Structures are given as C-alpha cells and as structure tokens.
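Trainee: Let me give you the structure first, and then I'll get to my questions.
The values are calculated or read from the model by the stated rules, or taken from the named source; none is laboratory data. All values reported here derive from a predicted model rather than from experimental measurement. Don't worry about glycine lacking a Cβ; one is built from the backbone with ideal geometry, like all the others, and counts go over all protein chains shown. Accessible surface areas use protein heavy atoms only, side chains included; no ligands, DNA or RNA. Shrake-Rupley method; radii C 1.70, N 1.55, O 1.52, S 1.80 Å.
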Amino acid sequence: MHAISPFAAIISVDWGLSSFRCRLLDAGGTILDSRQSNRGVRAVEGRDFRAALLAMVGDWIAAHGGTPLLLSGMIGSRLGWVEAPYVPCPAGLPEIASALLPLDIAGLPRAFIVPGVSYESVERTDVMRGEECEILGCLGDPAARTALYLAPGTHSKWIAVDGDRITGFITVMTGELFALLSSQSALAEMVSGTTVDEASFTEGLRLAKASLGKGGILPLLFRIRSDGVLGRRSPPQSRGLLSGMLIGSEIAYGLSKHPQDLEPCIVGDDKLADHYQRALAEGFGRASRRGPAAAAALGHLAIARHLGITS
C-alpha cells in the first residue's frame with residue numbers, strides 16, 4: 001500500500017495507447033506518489049476504463065475525494081473513454097483549460113479529460129493528444145515560451161510554441177515504423193533481439209542526414225537485409241542502423257522545417273529523450289535541452305491552477 005499525503009492538489013493521469021502513468025502532486029508541483037503500468041488504452045479489457053482507473057488510483061480518490069483528477073492522452077480519443085474535441089491552433093493554457101471535458105466518476109465530482117490540439121492549413125492537417133500537456137508543463141520557464149519542442153515516441157511530435165501558445169506541429173511515425181519494420185517486414189530477421197550497436201546507430205544517422213532531399217532513406221533500407229544475408233552485419237549492428245536511419249530521417253526533416261537558431265527542448269520518456277539528445281548532438285551537431293521531469297503532470301497542475309480548482 002502506498003502512503004497517502006494529506007496535501008495532494010491534483011491527481012494526474014497520462015493515459016496513452018500503451019502506457020498508463022498516474023501521479024499525485026501537491027500545489028507546488030512535487031510528486032507525492034506515482035504509479036505506472038503498460039495497461040494502455042488498447043489493453044483495457046471490455047473498454048472498462050472506470051474499473052481500470054479505480055484499480056490504479058482508487059485509494060487516492062478515496063483519500064482525496066475533493067481533489068481534481070485530470071486525464072490526457074489517447075484516453076480522450078475515439079479509442080478511449082470519451083472523445084474530447086480538439087482545440088485548434090494557436091492553443092495555449094486558456095484555450096485548452098476552457099475546453100476540459102467533465103467525466104462522470106462516482107465519488108469524484110471534479111474529473112476531467114484534457115482536449116487534444118489540432119492543426120489545419122491548406123497544405124496539411126495534424127492532431128495530438130497528451131503532448132499539449134507536456135508543453136504546458138514547460139511554460140513555467142520564461143525561456144520556454146517561444147521554443148521548438150520535440151516529443152519523441154511512437155508518433156514523435158515537433159511542436160512550435162510562440163508566446164505561450166502552440167502555433168503548429170508535425171507528427172512523424174518513427175516509433176511505429178521501427179516497430180513494424182523490426183517485427184513484420186523482410187528486415188525483421190536481420191534486426192532480431194534488443195541490443196543496438198552504437199556505431200551502427202551513428203552510421204544510420206549519417207546516412208539519413210545525407211539522404212535528405214535525395215530520395216530519403218527508402219532506397220537505403222533494403223541494404224539492412226542484404227548485408228545480413230551476406231554476413232556483413234550482425235543483428236545488433238542491423239538494428240542500430242535501422243534505428244539510426246529512422247531517427248536521423250525524422251531529425252533531418254524536423255530541423256529543416258524550423259528556424260536554425262531554436263534549440264530543441266526534448267520532453268517525454270527519459271530513455272528515449274537520451275537517445276534523441278545524443279542523435280541531435282552526434283549526427284547533426286545540434287545542442288538541445290530537456291524539459292522538466294513529469295511535464296504532463298505539471299501541465300495538468302497548470303490547468304487546474306488556471307481554473308482555480310486545485311485542492
């Protein structure tokens with residue numbers, strides 16, 4: 001049993017397709033308790049999200065009945081509990097906070113789903129859920145209020161912020177492509193295992209950078225299979241090369257679409273953020289900085305403060 005603090009201000013739930021992260025915060029943003037599992041939205045049996053939530057934080061809710069609970073991520077999509085409408089860009093704290101969707105949870109009168117953010121132009125459209133809270137959690141730093149953010153993941157986001165508002169973003173399906181290519185493609189046999197050769201990762205970054213504007217990495221991918229068949233690369237080397245090519249291709253494209261004087265701020269999972277920070281430095285000679293730990297939870301706290309609903 002986890003210890004319960006009497007000073008909780010909010011219950012923060014970041015619920016994605018494959019992850020479920022819960023944090024109990026005080027009014028100053030200190031994490032009093034945290035829990036996580038791999039019981040993401042797709043893994044909830046019978047779509048019984050209420051039962052899954054109560055199994056995770058039911059004791060927090062019982063001990064802090066008046067504490068607001070904010071949920072963000074794919075839990076607010078059509079795949080999740082209730083679909084929360086998107087807030088269009090430009091979107092900042094006032095716009096996102098005013099669009100919270102109340103959620104009916106017995107015993108907790110102040111539960112809300114945070115809306116996602118959408119982008120539309122003549123050329124393209126884009127949507128995100130969850131990353132907007134990570135951005136809001138960074139804006140306590142004045143230097144972060146006009147910046148370029150990178151949220152790596154299954155669907156990486158490159159997010160432009162100007163004057164405290166999300167003005168646009170680009171989604172790159174890097175993580176999902178790696179998962180598909182390494183498990184269901186002709187390359188799967190060659191990249192088996194979990195070990196990544198670091199020198200091959202760096203080589204992949206270099207190849208991806210050089211391919212920008214020259215057909216990209218598509219003409220290069222099959223060499224991973226041919227090198228493996230001909231005994232020129234081991235699975236760790238092939239896995240590193242594939243990872244480097246995909247991440248390098250994403251970074252090359254993302255950097256090309258934003259001003260070169262902006263230093264990317266990386267938010268999200270620490271291990272993946274480490275990977276991207278190294279790729280930016282070694283492959284592209286670009287410095288980057290890290291957002292605060294548990295940025296999404298700090299974003300939830302910022303929303304609650306804005307609305308005056310913290311305990």
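Trainee: Place the peptides 171-178, 236-243, 140-147 in order of packing, highest mean first, counting for every residue the other Cβ atoms within 10 Å and averaging per peptide. Present the calculation step by step, with values, prior to reporting the outcome.
Mentor: Numbers: 171-178: 17.6, 236-243: 24.1, 140-147: 14.0.
For the peptides 171-178, 236-243, 140-147, the packing ranking is 236-243, 171-178, 140-147.
Trainee: Could you tell me which of Pro235, Thr154, Leu262 has its Cα farthest along the dipole of the chain towards the positive end, charges placed at Cβ (Lys, Arg +1; Asp, Glu -1), taken about the Cα centre?
Mentor: Pro235
Trainee: Highest first, please rank the peptides 256-268, 127-139 by the mean number of other Cβ atoms sitting within 10 Å of their residues.
Mentor: In decreasing order of mean packing, 256-268, 127-139 become 127-139, 256-268.
Trainee: Also, quick follow-up: For n ≥ 4 DSSP H runs only, could you compute -39500 (n - 2.57) per run for the chain, divide by its residues and tell me the 222 nm figure to the nearest 500? Numbers along the way, then the final one.
Mentor: Numbers: 9 runs with 110 residues, N = 311.
Calculated mean residue ellipticity at 222 nm is -11000 deg cm²/dmol.
Trainee: How long are the three semi-axes of the equivalent ellipsoid for segment 139-230, computed from the Cα gyration tensor as the root of 5 times each eigenvalue, in whole Å, largest first? Show your work: numbers first, answer last.
Mentor: On the way: eigenvalues 222, 42, 31 Å².
Values for segment 139-230, descending: 33, 14, 12 Å.
Trainee: Over the chain, what relative contact order in percent results from Cα pairs under 8 Å that are six or more residues apart? Walk me through the numbers before you get to the answer.
Mentor: Numbers: 636 pairs, mean separation 57.0, N = 311.
Relative CO of the chain lands at 18 percent.
Trainee: Then there's this: Whole Å is fine, so just give me how far the alpha carbon centre of segment 249-290 lies from that of segment 94-140.
Mentor: Answer, in whole Å: 25.
Trainee: Report the semi-axes of the equivalent ellipsoid for segment 189-278 in whole Å, largest first, where each axis is √(5λ) for an eigenvalue λ of the Cα gyration tensor. Walk me through the numbers before you get to the answer.
Mentor: Values: eigenvalues 125, 56, 13 Å².
The answer is 25, 17, 8 Å, longest axis first.
Trainee: Shifting gears a bit: Let me check I've understood the local charge: for Ile11, count other residues with C-beta under 12 angstrom from its C-beta, Lys and Arg +1, Asp and Glu -1. What total comes out?
Mentor: Working: positive: Arg21, Arg23, Arg35, Arg110; negative: Asp14, Asp26, Asp33, Asp59.
Once positives and negatives cancel, what remains is 0.
Trainee: Distance between the C-alpha centers of segment 165-190 and segment 33-70? Whole Å please.
Mentor: Answer, in whole Å: 29.
Trainee: While we're on this one: What's the Cα-based Rg to Rh of the chain, Rh via Kirkwood?
Mentor: Details: Rg = 20.5 Å, Rh = 20.5 Å.
Across the chain, the Cα-based Rg/Rh ratio is 1.00.
Trainee: What does the charge count near Lys157 come to, summing +1 for each Lys or Arg and -1 for each Asp or Glu among other residues with Cβ under 11 Å from its Cβ?
Mentor: On the way: positive: Arg129; negative: Asp126, Glu131, Glu132, Glu134, Glu250.
With Lys, Arg at +1 and Asp, Glu at -1, the neighbours total -4.
Trainee: Rolling a 1.4 angstrom probe over the protein heavy atoms, how many square angstrom per residue are accessible across the chain? Walk me through the intermediate numbers first.
Mentor: Working: 13930 Å² over 311 residues.
Ligands and nucleic acids excluded, the figure is 45 Å² per residue.
Trainee: How much of the accessible area of the chain, in percent, comes from carbon and sulfur atoms when a 1.4 Å probe is used?
Mentor: Numbers: 7540 of 13930 Å².
Within the chain, the accessible surface is 54 percent carbon and sulfur.
Trainee: Output the peptides 299-310, 40-51 sorted from most to least packed, where packing is the average of other Cβ atoms within 10 Å over each peptide's residues.
Mentor: Details: 299-310: 20.8, 40-51: 14.2.
Descending packing order for the listed peptides: 299-310, 40-51.
Trainee: Here's something else I'd like to know. About its Cα centre, how strong a charge dipole does the chain have in debye, to the nearest 20, once Lys and Arg get +1 and Asp and Glu get -1 at the Cβ? Numbers along the way, then the final one.
Mentor: Working: 29 positive and 31 negative charges, 108 e Å.
Roughly 520 debye for the chain.
Trainee: Could you give the radius of gyration (one decimal) and Dmax (whole number) of the Cα atoms in segment 1-136, in Å?
Mentor: 15.0, 53
Trainee: What's the magnitude of the charge dipole for segment 1-151 around its Cα centre, counting Lys and Arg as +1 and Asp and Glu as -1 at the beta-carbon? Answer in Debye, nearest 20. Mind dumping the intermediate values first?
Mentor: On the way: 12 positive and 16 negative charges, 65 e Å.
It works out to roughly 320 debye.
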